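> Take a look at the following structure, please.
The values are calculated or read from the model by the stated rules, or taken from the named source; none is laboratory data. Because the structure is predicted, anything quoted here is derived from the model rather than measured. Virtual Cβ from ideal backbone geometry, glycine too; neighbours counted across all protein chains shown.
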Amino acid sequence: MSNPLLGRATRVAVLSAFTGIALLLQESALAYRFGVSDTLAAFQVSFLWVSLLWNVLAGGTLLQVLVPTYAWARSHLGAEAAIDTIATLSVWLI
């Protein structure tokens, strides 16, 4: 199963993950340098990991990738192929 939208969707998801990790590292450095206490800095960093996972996997990024991919696959390849495409992309990303 090869289509250009699947590759683009994968790139969007990977770039979003890299962006989230960069923001996590930035916030970690700020918490380490300017944090009020070690406990508060640890809480902020642990919250940011959960926030990153939510934003990339369950939140907007993955949903924004899967919906256009499904619409394209359904119109060009049919309903069964669309389901297979989304299942493959979901398993690969998650």
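> Given S16, S2, which one is of a type in the set (S, T, N, Q) and either touching a Leu at 6+ places or on another chain (Cβ under 9 Å) or modelled with pLDDT of 75 or more (or both)? Please lay out each step first, then the result.
Values: S2 fails: either touching a Leu at 6+ places or on another chain (Cβ under 9 Å) or modelled with pLDDT of 75 or more (or both).
Going through S16, S2 in turn, just one is of a type in the set (S, T, N, Q) and either touching a Leu at 6+ places or on another chain (Cβ under 9 Å) or modelled with pLDDT of 75 or more (or both): S16.
> In the stretch 41-64, what residues are modelled with pLDDT of 70 or more and not polar (S, T, N, Q)?
A41, A42, F43, V45, F47, L48, W49, V50, L52, L53, W54, listed by residue number.
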